[in-house]
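To keep things clear, I will list the structure first and then write my remarks on it.
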Amino acid sequence: MRNRNHSYLLVTGGAGYIGSHTVVELMEAGHNVLVLDNFSNSSRASIEGVRKICGKEPILIEGNIADEELLQNIFKEHRIDSVLHFAGLKSVADSVSQPLKYYIENVGSSLCLFDVMECNNVRKIIFSSSATVYEPAGEQPYSELSPTGPGNPYGKTKLCVEQILHGLAVANPNWEIGILRYFNPVGAHPSGLIGEDPKQYPNNLMPLVMQTAIGRRKKLEIYGDDYDTPDGTCIRDYIHVLDLARGHLLALEYLERHPGIHYWNLGTGKGISVKELVEQAKEITGTEIETQVVARRPGDSPIAIADPRKAKEELLWHPEYSLVNMCADHWNWQRHHPDGYQ
Ligand code: NAD
Ligand code: UFG
């Protein structure tokens, strides 16, 4: 037995993009953190970045959340108070071509984690969900009560895990569950020490914009400019990853006072079009980001904007960072790490 004197927050996927920024937030708030990550989409270097920012580092265990024996050992050896569950796969396109893999990785692994939590009487969890759980053609902005109905297997795995957690809360009132539905996380820690480092072809717009600005890509393809939006390109609700990270801390604190299950959108409530984001990025990076309009990407919603009032009212969470900050911090990370963490 060791480390049973201090309580820990277990952060699954804590070496990843959002996880590493949240680990900084948690550690700066004085929490002891234990990261469990299999590095399938991250590297140890992010934890080194966390150490440089915080002056201390979390306990880091390399392993898979589907490894029940490992999980049992972690819970036996450390006093775990709560779990922040980021680990999972996140490519919409891959989920369409490999749905089974996504159900196994996102749903199957989560079941193993929840089971071990129950066994060890740990029933406090924050889950990384997504705006993709909402019906794609739904009325805007999305509130937490908007109809769900994800249009791809990735979103379905997120909704499925939400439903499993709901079942746990119904079965046992001692569960304290925070479901955070992220909109479009971008940006990086202003130190430039941690950031988003997609291992394969990036799934998302901002890393592609920044990789084009730094010269890793020749041009950015804009997926359609014939949508029913002011400039014809899709509109999203981009949110700085630091604002997102703070939302986790506030959600944890809220659960102390309000057990049960709670859902919160984390977005700014402001819509930004693809063209607007590219224009802002050109200004911040001082580069000419070449673009080419191509066909629409199948499955894209024209608009996805959060109604963040519930998080503002209940968590007293207010996004602090503007689109300028998001682009500047993402660019700062990209300039310091043109090839990611390598
Ligand atoms: P990420 O890929 O950077 O982080 C996920 C981390 O989990 C990685 O470090 C990866 O190595 C690890 N991991 C994956 N499977 C694992 C397993 N079985 N066991 C242990 N570790 C495992 O992704 P991210 O952008 O930081 O996203 C974190 C979470 O937020 C994910 O659940 C994702 O679905 C969700 N989310 C992300 C976005 C987004 O746009 N980034 C939007 C909505 C929701
Ligand atoms: N886009 C382009 N060109 C690109 C990449 C993206 O024009 O090369 C456009 C897309 O068509 C979309 C917008 O940029 O209109 C944003 O696309 P992203 O892929 O960055 O984001 P999505 O809103 O499609 O999806 C993201 C994550 C999901 C998450 C969802 C909601 O990929 O995992 O936000 O949080 F669930």
Worksheet item: At a 1.4 Å probe, what is the % contribution of carbon and sulfur to the accessible area of region 138-209?
Response: 53 percent
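Are there trypsin sites (Lys or Arg not before Pro) in region 179-244 that DSSP puts in a loop and that have at most 11 other Cβ atoms within 10 Å, and which ones?
Lys218, Lys219
With both bridge residues required to lie in the chain, what share of the DSSP beta bridges run antiparallel, to the nearest 5%? Write down the numbers at each step before the final one.
Working: 3 of 45 bridges.
Rounded to the nearest five, the antiparallel share is 5 percent.
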Discussion item. For a quick check: with amide H placed at 1.01 Å from N, whose amide H comes under 5 Å from Glu135's, ignoring anything fewer than 5 positions away on the same chain?
Written reply: Thr148, Gly149
Worksheet item: What Rg and what Dmax come out for the chain when only alpha-carbon atoms are used, in angstroms?
Response: 19.3, 61
Worksheet item: Can you pull the percent of region 220-342's accessible area that's carbon plus sulfur, 1.4 Å probe, other chains left in place?
Response: 48 percent
Worksheet, complete the sentence: Karplus-derived 3J(HN,Hα) from phi for region 43-54 (6.51 cos²θ - 1.76 cosθ + 1.60, θ = phi - 60°), whole Hz, x at Gly and Pro, runs 9, 4, 4, 5, 6, 5, x, 4, 4, 5, 6, 8
Practice prompt. Might you report the magnitude of the Cβ-based charge dipole of region 70-213 about its Cα centre, with Lys and Arg at +1 and Asp and Glu at -1, to the nearest 20 debye?
Written response: 180 debye
Discussion item. Just to check I understand the Karplus step: with θ = phi - 60° and J = 6.51 cos²θ - 1.76 cosθ + 1.60, what whole-Hz values come out for region 275-284, glycine and proline as x?
Written reply: 5, 5, 5, 5, 4, 5, 5, 4, 5, 5
Discussion item. Multiplying the sequence separation of Gln98 and His318 by 0.36 nm and subtracting their Cα-Cα distance, what value in nm do you get?
Written reply: 75.5 nm
Item to complete: Enter the accessible area per residue of region 1-52 (Å², integer; probe 1.4 Å; all protein chains in place).
Response: 39 Å²
Worksheet, complete the sentence: Taking protein heavy atoms only, a 1.4 Å probe, and rounding to whole percent, the accessible area of region 1-63 owed to carbon and sulfur comes out at 41 percent
Worksheet item: How are the C-alpha pair distances of region 167-273 spread across 5 Å bins, as whole percents from the shortest bin up?
Response: 2, 10, 15, 16, 17, 13, 10, 8, 5, 3, 1
Response to the item:
Longest principal axis of the chain (C-alpha) makes with the long axis of helix 241-257 (C-alpha) an angle, in degrees to the nearest 10, of 30 degrees
Discussion item. Between region 139-181 and region 205-229, what is the separation of their alpha carbon centroids in Å?
Written reply: 31 Å
Fill in: Å² of accessible area per residue within region 162-208, as computed with a 1.4 Å probe and no ligands counted
38 Å²
Discussion item. Can you give me the long-range amide H partners of Tyr182? Hydrogens built in the peptide plane at 1.01 Å from N, cutoff under 5 Å, separation of 5 or more residues or another chain.
Written reply: Ser129, Ser130, Ala131, Leu266
Discussion item. With +1 on the Cβ of every Lys and Arg and -1 on the Cβ of every Asp and Glu, and nothing else charged, how large is the dipole of the chain about its Cα centre, in debye rounded to the nearest 20?
Written reply: 520 debye
Practice prompt. Taking amide H positions as placed in the peptide plane 1.01 Å from N, state which residues far from Tyr263 in sequence (5 or more) or on other chains have amide H under 5 Å from it.
Written response: Ile179
Worksheet item: What list of ³J(HN,Hα) couplings, whole Hz, do you get for region 319-329 from phi and the Karplus terms 6.51, -1.76, 1.60, once you set θ to phi - 60° and write x for glycine and proline?
Response: x, 9, 9, 8, 4, 4, 4, 4, 5, 5, 6
Response to the item:
Along the dipole axis of the chain (charges at Cβ: +1 for Lys and Arg, -1 for Asp and Glu; origin at the Cα centre), the most positive-end residue among Ile125, Val50, Asn5 is Asn5
Response to the item:
About its Cα centre, region 220-342 carries a charge dipole, from +1 on Lys and Arg Cβ atoms and -1 on Asp and Glu Cβ atoms, whose size in debye to the nearest 20 is 360 debye
Response to the item:
Per residue, accessible area of region 276-341 with a 1.4 Å probe, heavy atoms of protein chains only, in Å², comes to 54 Å²
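The values are calculated or read from the model by the stated rules, or taken from the named source; none is laboratory data. It should be emphasised that the depicted structure is a prediction, and the values quoted were computed from it without experimental measurement. Neighbour counts are summed over all protein chains in view; Cβ atoms, including those assigned to glycine, are modelled from backbone coordinates with ideal geometry. In case anyone asks, the SASA skips ligands and DNA or RNA and just uses the protein heavy atoms, side chains included. Shrake-Rupley method; radii C 1.70, N 1.55, O 1.52, S 1.80 Å.
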